[in-house]
């Protein structure tokens, strides 16, 4: 016996009811924008996504808070056709930003210690290895840039427009008069080659 | 759609996913399938991190200044996430709250030794302590803080606060409340309510040790659990959803199949008199979200979707079951 209130804002259940508790389909709030409502509805699912990406519970809550603030800051009436996909993309972008700033502080601190299993005092690490690594990283970047030259002209063009000019797949497709799925194939080809060069 | 053969290596699969998800029009179903793939094997996430790192290694390339200046130092291809980035994230969140949501914000730095009082009245308040720990004070809440070289002490005089504590093994962080209850912290995030003989701790992350009143000694409460005690009665341990431990910070109270009694307790915190549940309504449980607002508005929200009638007297607000509800 589950009773549902007539208003769409919540549901009520008698504790004595024999039916098992149901997960609510949504947790709507008064006056919230459709995206905020989508956020509240999908918060747990997005949390699982963040957890899967970070492979840890640490910081999941931070990312969700950050995401909420991003969503709440969007101008009212912004037309998002697919709120779910939009929220996942926003979340993925936040996680990418975190990875980037982790890389930046790693560079700033010269702190490769995260990836090394250093148990001794960190003072033991002198400047030389860090400097060597810096040189190696610069060489790596140079190799990747050179690797772009190995790509076919169209693949290179697609990659550069998307990566360096910030054009979306749809925009690149219409720029070059090709289909969006071709754009994705060219991107895949470019990434595969770059990954090969990076790991060689 | 995306079809990934079974026999590929994670690195190749990660690139396929990466290329697919760069498409702004990728629908939610693709994201969910991606999540399934991530969860299927730990090597998948690592491979995807490598793809992301490869991508961001090339950030700034192609811009006029970047070709000959790729950065002062190293560009790692696989970087693990640092364990805590809170010090970066929280000021940003607090600032955004202040700017976007119109909440009060004060950054305070503590003198050593003497007690400093922080009070939040009609709006929540965010406080950064001298050790870098963050406290978000809910409305109508007061804390007193003492920091010195050996200890960090917060006295929750009344109300509710969410803590995010910087780990420092040499300086224990202790939250005490009226009735001599104590929460001892080992570097973690948790929410404490102390009001009208009702005391509750919800642990979102890490581990805390709670000393209840009435001789209920040290109880360890891990993430995902709550501790609740009314007066000196036997404490209850509750399973909680860590992601909802302090929803009030987002201006909402979220409930999943909660007793009407706990809803009433929460509401009491926001009003100047207690909200009591009459026996006729005690069997109701509620799922939904209430926006935090003034008394009339919050009670109207409650009446809007729970079959209760609200009766105000001089000393209390009483919830009785509504006919036909």
Limited to segment B:271-287, what total is found for residues that are more than 13 Å from residue B:195 (Cα to Cα) and in a strand (DSSP E or B)?
6
Is it the case that residue B:189 is surrounded by 15 or more Cβ atoms within 10 Å (Cβ to Cβ), closer than 24 Å to residue B:131 by Cβ and modelled with pLDDT under 80?
yes
Is it fair to say residue B:268 is touching a residue at least 60 places away in the same chain (Cβ under 8 Å) and either part of a helix (DSSP H, G or I) or out of contact with any helix residue (DSSP H, G or I) (no Cβ under 6 Å at 6 or more places or on another chain) (or both)?
yes
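Please tell me if residue A:143 is within 11 Å of chain B (Cβ to nearest Cβ), at pLDDT 85 or above, over 17 Å from residue A:194 (Cβ atoms) and surrounded by 13 or more Cβ atoms within 10 Å (Cβ to Cβ).
Answer is no for this residue.
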Could you list all residues from segment B:268-301 that are closer than 14 Å to residue B:252 by Cα and at the interface with chain A (Cβ under 9 Å from one of its Cβ atoms)?
B:287, B:288, B:289, B:290, B:291, B:293, B:297, B:301
Considering only segment A:163-184, state which residues are out of contact with any helix residue (DSSP H, G or I) (no Cβ under 7 Å at 6 or more places or on another chain), closer than 23 Å to residue A:146 by Cα and either at pLDDT 95 or above or more than 9 Å from every other protein chain (Cβ to nearest Cβ) (or both).
A:166
Verdict on residue A:12 being within 7 Å of chain B (Cβ to nearest Cβ), crowded, with 18+ Cβ neighbours inside 10 Å and modelled with pLDDT under 85:
yes
Quick one: is residue B:318 more than 22 Å from residue B:158 (Cβ to Cβ) and more than 10 Å from chain A (Cβ to nearest Cβ)?
yes
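So that you can scan it fast, the table gives a plain yes or no per residue for (1) more than 11 Å from every other protein chain (Cβ to nearest Cβ); (2) at positive phi:
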{"residue": "B:207", "(1), (2)": "yes, no"}
{"residue": "B:212", "(1), (2)": "yes, no"}
{"residue": "B:224", "(1), (2)": "no, yes"}
{"residue": "B:256", "(1), (2)": "no, no"}
I'm told residue B:123 meets every condition in (1) crowded, with 21+ Cβ neighbours inside 10 Å; (2) farther than 19 Å from residue B:227 by Cα except one. Can you identify the failing condition by its number?
(1)
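Residues are listed down the side, and each one gets a yes or a no for (1) crowded, with 20+ Cβ neighbours inside 10 Å; (2) free of Cβ contacts under 8 Å to residues at least 40 places away in the same chain:
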residue: A:40; (1), (2): yes, yes
residue: A:47; (1), (2): yes, yes
residue: A:50; (1), (2): yes, no
residue: A:57; (1), (2): no, yes
residue: A:60; (1), (2): yes, yes
residue: A:66; (1), (2): yes, yes
residue: A:70; (1), (2): no, yes
residue: A:74; (1), (2): no, no
In segment A:19-56, residues that are at pLDDT 70 or above, at the interface with chain B (Cβ under 7 Å from one of its Cβ atoms) and in a loop (DSSP other than H, G, I, E, B) total 1
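The values are calculated or read from the model by the stated rules, or taken from the named source; none is laboratory data. All values reported here derive from a predicted model rather than from experimental measurement. Here Cβ is always computed from backbone atoms with ideal geometry, including for glycine, and neighbour counts include all displayed protein chains.
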